[in-house]
Structure formats: C-alpha cells, structure tokens
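Working notes, beginning with the structure itself.
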Amino acid sequence: MKVVVLTEGDAEFRALPLIVDQLNSLSPHTVLKPLKVPVQPDAPAGTIARSCKSRVAIAVAQGADLVIVLLDREQQSDLPGKLAADVETALATHCGAGTRVRVVYKDRLFENWLVADMDSLSAQPKRFAVTAARRRKVEPNKADAVDGLLLMKEMAIGKDYDKVADAERVCRKLDVRRAAMHSRSLRHFLHVLEVSAYAAGCKRAVAP
C-alpha cells in the first residue's frame, strides 16, 4: 500500500522526507513524498476538508491507497482524537467515501516530535544545549506535554531557532522509534502507518 502525507507546515514538508526511509523500514507500507496543503490547522473541520480536497486527489493520482492529513493541534482545547474524527467525517463528505483518508494531530506542534528524541539534539552540541533538566521535561513520555517550540528556542545555540532549517537538522539524526517512546501523538502516527510495535494502539511506548 502506498501512503501520502499531507501537511500544512513548511518544516514538516521539508523535514519529513528525511525520515521517510525509517518510516518505510518500520511500516509494511510505502510512504511517498509529502504534499503541502494550504490550511490553518485550527480552522473548522469543513474548511480543512475543502482545502485538502485537491491535494487528496493529487495523492490518489500518484497512486496513494491511504492519505494521512497531518495537522498541529496548537492551542485547541479538544483532544486530538476528537479533532481528527471531525476532520475525517468532513473529508469523507468532500472527498468521497471511497477515498481512504486518516487525520493525525501532532500534540501540539512539530517541535514536540523533534524534542521527543533528545539524543538527536545532544548529538549536535554546537547547535543545541541539552541539559539534564531539559531532558527531564521530555522523558519519560512527556514530549506532548511540554512547550516544544519554547524548548527548542531555549536549546538553540548561536543564532535563533529556525523552524525549517533546525527541523531538517534534527530529522537528519532523529530516531523515530526513540522519539515515539516519548510522544503519544507520534506513536499514533505510527499506529496509522500500521507499524507493528503500535498495531494494537499507541497508549504504551515500546522500547526500540
């Protein structure tokens, strides 16, 4: 099965291809190059679905059997599962029931997934200052609960944190299985990709 990820974020669009090989080694499916979708992640479900409709059609034309819409939860109060269900219902209306589309919300930003693998950051000491105190904010299994963007900004050494360039920098060293131990929303993404370690669900972290 071929999978295409739709993302609204510039950082994800640029950085996700750097971990595609890992995703393909973990998933029984083939993850293709992501597509960018112009949408605000906190927009109403119907608005998100209408914005995704053309990109879903492109993904299907590229041979996708499954399209995953990847969004930021940001500051929305509804839980990721509720938000995803609402958008999936709207997508079924706008894209047709025959198109297999799933929605995954990062909790709360892409940076929460980046900080989930603190080893990938500590491996770059000239750029990121990883201390024991900062690591304890994330581990174990707390990456979704921190202010990921603020933490990345605090750890940046020298020039200010750059959402795109630093996301690429981190993803070149990020270990998806390590990061998944500390981010339930990342584990849910792997669950949707039918990664065997999370086939039964994403509540419990599995050691790499």
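The values are calculated or read from the model by the stated rules, or taken from the named source; none is laboratory data. Here the structure is a predicted model, which means the values were calculated and not measured. So basically every Cβ, Gly included, is an ideal-geometry build from the backbone, and we count neighbours across all protein chains shown. These accessible areas exclude ligands, DNA and RNA; they are computed on the full protein's heavy atoms, side chains included. Shrake-Rupley method; radii C 1.70, N 1.55, O 1.52, S 1.80 Å.
Values as computed for the structure displayed
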{"item": "Residue in the stretch 39-57 that is within 21 Å of Glu194 (Cα to Cα) and surrounded by fewer than 15 Cβ atoms within 10 Å (Cβ to Cβ) present", "result": "no"}
{"item": "Failed criterion for Leu23 (all others in (1) under 22 Å from Ala180 (Cβ atoms); (2) assigned to a helix (DSSP H, G or I); (3) open to solvent by 20 Å² or more (accessible area, probe 1.4 Å) hold)", "result": "(3)"}
{"item": "Filtered residue count, the stretch 98-129, keeping only those that are part of a helix (DSSP H, G or I) and hydroxyl-bearing (Ser, Thr, Tyr)", "result": "2"}
{"item": "Filter result (closer than 9 Å to Ala15 by Cα and either surrounded by fewer than 22 Cβ atoms within 10 Å (Cβ to Cβ) or out of contact with any helix residue (DSSP H, G or I) (no Cβ under 9 Å at 6 or more places or on another chain) (or both)) within the stretch 143-174", "result": "Val164, Ala165, Glu168, Arg169, Arg172"}
{"item": "Flag for Pro17 being open to solvent by 10 Å² or more (accessible area, probe 1.4 Å) and under 14 Å from the mean Cα position of the chain (by Cα)", "result": "yes"}
{"item": "Residue ID - most open to solvent (accessible area, probe 1.4 Å), chosen from residues in the stretch 58-98 that are closer than 26 Å to Cys202 by Cα and of a type in the set (S, T, N, Q)", "result": "Gln75"}
{"item": "Single residue of the stretch 178-202 satisfying the filter (within 14 Å of Ile68 (Cα to Cα) and assigned to a loop (DSSP other than H, G, I, E, B)) that is most open to solvent (accessible area, probe 1.4 Å)", "result": "Glu194"}
{"item": "Residue pairs meeting the criteria (Cβ under 6 Å; at least 6 apart or on separate chains; first under 14 Å from Arg108 (Cβ atoms) and in a helix (DSSP H, G or I), in the stretch 135-159; second among the basic types (Lys, Arg) and modelled with pLDDT under 95)", "result": "none"}
